[in-house]
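What follows draws every value from the coordinates through simple rules; no lab data is involved. Just so it is clear, the model here is predicted, and its values are computed rather than measured. Methodologically, a virtual Cβ is constructed for each residue, glycine included, from the backbone with ideal geometry; neighbour enumeration extends over all protein chains shown.
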Amino acid sequence: QRCVVLRFLKFPPNQNKTSQEILHHLQNIVDFGKHVMKQFFGENYVHHGEIIQLPLDFVRQLCLKIQPERPESRCDKDMDTLSGYAMCLPNLTRLQTYRFVEHRPILCIEIKPKCGFIPFSSHVSQEIKHKVCRYCMHQHLKVANGKWKRPSKYCPLDLFSGNKQRMHFALKSLLQEAQNNLKIFKNGELIYGCKDDQDCVSDWNELARHLKPFFFPSNGLVSGPHCTRTIVKELVHVITMALLSSTDACRAGDMKTVPGSQGRSYCEASAFNKELVRNGKHKLESSGLPRGCLLYKTLQAQMLDMLDIEGLYPLYSRVEQYLEEFPEERSTLQIDGPYNEAFYEKLLDLSTEDDGTVAFALTKVQQYRIAMTAKDCSIMIALSPCLQDECSEQRPVVLTSKSRFTFSVSVLDLDLKPYESIPHQYKLDGKIVNYYLKNVQAKDDPVMSSLFKESEDCTLVLHKV
């Protein structure tokens, strides 16, 4: 009845935590949203929630009720039923701004945009990383590992370009191959997108049937493939306008721009870019994002990864070495919180001159963790039809050919990425790049493909002369 979401912690079986540890963990999540991510994204976009305590009997019943609904791939962890603590958050598939339109039908699009820039760090060892974005490279490894059936044509750099043509192409590609990067909800129910890591057949006609009353409320004559294409086009237009809108007057958009961020604004593997090259056209540069919009703020937070994982890993090792010698310093260094104003202040040091200290290394490690969080967040756009006379000045409105929507944009999945995951990220990065060079780029280059006949590992031995 209150239109809220309850969020419980999950743990691997037999990893029992005390109620106190669970409360502390949840408090860290709330504080991180409140004191850190709100500063980056802005007041209106981040909903940090609050911690509540529930009767254990209710929690146990709830756990039994939801167990059959959980995807198989998620069942390696159990829901915490012993502490009674949970987070209470607003349901972001509903409009966040105006309670009185709750009885209206509501459409919500969830997008996981992923990393929107090409590394500009001088620590990058493989030239391909300066040309092809991480998402496009990772697609090939995921298909090879059987996670997805086909690679997606979506490229995050197109979405983050601010160029409407490129953004439309990116959103259409997401609608074609949603993977776990796009979901659409109607009145809180999932109507489009993957429930699990399975092969999702995207049925645009089915989607158009759901969306028609939103975009063509009075016209019953529009039908057939033309209608489907028109509705998808309208949907893409509405999402683009909402993403470029600025509904927050927060100072976060005025943060210092990350140095070196004026790197390449397109990815060579993007299907949009390849199409341009095929047609002999010049590369389309990005139009740039409006400073107040959520995509701009997300990109700025992502760009705190200034050194790339290759430049960061030695700094992580420096911090690790220090902690081995002085394990009691872990809490002083605020590695596991508390995530307060002091923690946020340290993140604002954008220098890349390494002075050899642990303090410098730690700042870069913490900035990298923030960047990883921003690369993995989700953006929720909730839309509700509104009548002309209701759309007052105070409310953001987006228009289509036959209807108008009031909307709210929010960001979620903002838990800080674990410090311990950095070695895994380092290994994964090497895997993604090596797979791409051997199996994708090699095929495009006849000289290279004869060098890599099978996927054999080659060792180069250097002798002193």
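Please compute the modelled spin-label separation between residue 190 and residue 142, points set 7 Å along Cα→Cβ, answer in nm with one decimal. Between residue 142 and residue 190, the simple spin-label model gives 1.5 nm.
Placing a label point 7 Å from the Cα of residue 58 along the Cα-to-Cβ direction, the residues of segment 70-93 whose backbone N falls under 19 Å from that point are 79-91.
Rounded to 0.05, the FRET efficiency of the residue 82 and residue 330 pair, given R0 = 30 Å and the Cβ-Cβ distance, is 0.70. Anisotropy class assigned to segment 325-372 is oblate, per the alpha carbon gyration tensor with a/c at or over the 1.5 cut-off and a/b no larger than b/c. Of the residues 162, 174, 148, the one whose Cα sits farthest toward the positive end of the charge dipole of segment 140-181, with +1 on the Cβ of Lys and Arg and -1 on the Cβ of Asp and Glu, is 148.
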